[in-house]
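Peer 1: Structure in structure tokens, see below.
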Amino acid sequence: MACTKPSKCDPDYSLQREQPRTRQIFLQEASSEVHRIFASDIIRRLYSLGARRIGVTSLPPMGCLPASVTLFGGGNAGCVERLNNDSLAFNRKLGAAADAVKRRRPDLKLVVFDIYQPLLDLVNNPTSAGFFESRRACCGTGTIETSVLCHQGAPGTCSNATGYVFWDGFHPTDAANRELADALLLQGLQLIA
């Protein structure tokens with residue numbers, strides 16, 4: 001049987017064709033979810049319970065996570081730009097939604113902690129913070145493992161995670177989290193002022 005259509009010959013063809021549409025749907029749903037959260041009972045309930053200082057975290061550069069690079073990087077070792085652009089678009093909408101809430105509730109201190117830029121800085125310049133590896137994770141192959149597959153006894157796991165930015169395909173190491181916490185602490189000073 002001869003292949004007459006690319007979709008019948010290449011199983012990845014339909015995935016590649018549908019991916020922009022899938023991303024568009026995801027972004028629309030994520031955007032409406034941001035607005036729903038900020039306009040929903042969550043903020044109202046917290047506010048009614050007396051919360052006047054609330055912090056939320058932005059999305060990280062999703063295209064720089066080792067799992068994203070492995071799954072969507074097309075063999076390149078760099079960050080997946082389209083995923084980072086999706087994170088930036090979501091973060092802009094998150095900021096706009098937070099600003100709208102603050103306008104309605106002037107006594108509410110609401111801070112959006114930017115995790116995107118500090119993590120991107122660690123990935124792009126790991127040695128500035130004492131790391132030597134930011135593209136592979138410490139655990140296993142360093143590409144997609146996570147959760148129960150990642151532990152000190154897992155085959156291939158590094159012996160010194162402090163030199164790695166990522167513990168697994170999705171999560172920073174404790175050492176990287178300390179660096180990120182320092183950056184976020186400065187952003188959160190307005191919550192205690």
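Peer 1: Which residue out of 92, 17 is assigned to a helix (DSSP H, G or I), exposed (fewer than 14 other Cβ atoms within 10 Å of the Cβ), modelled with pLDDT under 90 and not aliphatic (A, V, I, L, M)?
Peer 2: 17
Peer 1: Further question on the same structure: Of everything in segment 138-149, what is over 15 Å from residue 64 (Cα atoms) and surrounded by fewer than 19 Cβ atoms within 10 Å (Cβ to Cβ)? Give them in sequence order.
Peer 2: Scanning segment 138-149 gives 141, 146, 147, 148, 149.
Peer 1: Of the residues that make up segment 146-154, is at least one out of contact with any Phe, Trp or Tyr (no Cβ under 8 Å at 6 or more places or on another chain) and within 20 Å of residue 84 (Cβ to Cβ)?
Peer 2: Within segment 146-154 (the criterion being out of contact with any Phe, Trp or Tyr (no Cβ under 8 Å at 6 or more places or on another chain) and within 20 Å of residue 84 (Cβ to Cβ)), the answer is no, since none of the residues qualifies.
Peer 1: Now, a different point. Exactly one of these conditions fails for residue 106: (1) under 24 Å from residue 160 (Cβ atoms); (2) free of Cβ contacts under 8 Å to residues at least 12 places away in the same chain. Give me its number.
Peer 2: Failed condition: (1).
Peer 1: Still on this model: When you look at residue 127, is it of a type in the set (Ser, Thr, Tyr), at pLDDT 90 or above and either touching a helix residue (DSSP H, G or I) at 6+ places or on another chain (Cβ under 7 Å) or over 17 Å from residue 66 (Cα atoms) (or both), yes or no?
Peer 2: yes
Peer 1: For the condition within 30 Å of residue 164 (Cα to Cα), surrounded by fewer than 18 Cβ atoms within 10 Å (Cβ to Cβ), modelled with pLDDT of 60 or more and of a type in the set (D, E, K, R), what is the one hit in 33, 81? Give the steps one after another, and end with the answer.
Peer 2: Working: 33 fails: within 30 Å of residue 164 (Cα to Cα).
Result: 81 is the single residue among 33, 81 that is within 30 Å of residue 164 (Cα to Cα), surrounded by fewer than 18 Cβ atoms within 10 Å (Cβ to Cβ), modelled with pLDDT of 60 or more and of a type in the set (D, E, K, R).
Peer 1: Evaluate segment 161-172: report whether one residue or more is of a type in the set (Val, Ile, Thr), at pLDDT below 95 and within 17 Å of the chain's Cα centre (by Cα).
Peer 2: no
Peer 1: A further question on this structure: Among the numbered criteria (1) buried (at least 16 other Cβ atoms within 10 Å of the Cβ); (2) under 30 Å from residue 46 (Cα atoms); (3) modelled with pLDDT of 90 or more; (4) of a type outside the set (Val, Ile, Thr), which one does residue 98 miss?
Peer 2: (3)
Peer 1: Of the residues 103, 82, which is assigned to a helix (DSSP H, G or I), over 20 Å from the mean Cα position of the chain (by Cα), among the charged types (D, E, K, R) and farther than 19 Å from residue 174 by Cβ?
Peer 2: 103
Peer 1: Return yes when residue 166 is surrounded by 19 or more Cβ atoms within 10 Å (Cβ to Cβ), under 25 Å from residue 72 (Cβ atoms) and out of contact with any Gly (no Cβ under 7 Å at 6 or more places or on another chain) and no when it is not.
Peer 2: For residue 166, the condition - surrounded by 19 or more Cβ atoms within 10 Å (Cβ to Cβ), under 25 Å from residue 72 (Cβ atoms) and out of contact with any Gly (no Cβ under 7 Å at 6 or more places or on another chain) - is met.
Peer 1: If you check residue 123 against the conditions, is it under 19 Å from residue 177 (Cα atoms), surrounded by 15 or more Cβ atoms within 10 Å (Cβ to Cβ), of a type outside the set (Lys, Arg) and within 19 Å of the chain's Cα centre (by Cα)?
Peer 2: Values: under 19 Å from residue 177 (Cα atoms): yes; surrounded by 15 or more Cβ atoms within 10 Å (Cβ to Cβ): yes; of a type outside the set (Lys, Arg): yes; within 19 Å of the chain's Cα centre (by Cα): yes.
Considered against the rule, which asks whether it is under 19 Å from residue 177 (Cα atoms), surrounded by 15 or more Cβ atoms within 10 Å (Cβ to Cβ), of a type outside the set (Lys, Arg) and within 19 Å of the chain's Cα centre (by Cα), residue 123 comes out as yes.
Peer 1: Oh, and also: Assess whether residue 77 counts as being part of a helix (DSSP H, G or I) and in contact (Cβ under 8 Å) with a residue 40 or more places away in the chain.
Peer 2: Spelling it out, it is not the case that residue 77 is part of a helix (DSSP H, G or I) and in contact (Cβ under 8 Å) with a residue 40 or more places away in the chain.
Peer 1: Among the residues of segment 83-111, how many are over 28 Å from residue 50 (Cβ atoms) and in contact with a Lys or Arg (Cβ under 7 Å, 6 or more places away or on another chain)?
Peer 2: Residues flagged as over 28 Å from residue 50 (Cβ atoms) and in contact with a Lys or Arg (Cβ under 7 Å, 6 or more places away or on another chain) within segment 83-111 amount to 1.
Peer 1: Moving to a separate point now. Suppose the filter is surrounded by 15 or more Cβ atoms within 10 Å (Cβ to Cβ), assigned to a helix (DSSP H, G or I), out of contact with any Lys or Arg (no Cβ under 6 Å at 6 or more places or on another chain) and modelled with pLDDT under 90; does residue 67 pass it?
Peer 2: Values: surrounded by 15 or more Cβ atoms within 10 Å (Cβ to Cβ): yes; assigned to a helix (DSSP H, G or I): yes; out of contact with any Lys or Arg (no Cβ under 6 Å at 6 or more places or on another chain): yes; modelled with pLDDT under 90: no.
Taking the combined requirement at face value, the residue does not satisfy it.
The values are calculated or read from the model by the stated rules, or taken from the named source; none is laboratory data. These numbers come from a predicted model, not from an experiment. Because the Cβ atoms are built from the backbone with ideal geometry, glycine has one as well, and the counts that use them run over all protein chains shown.
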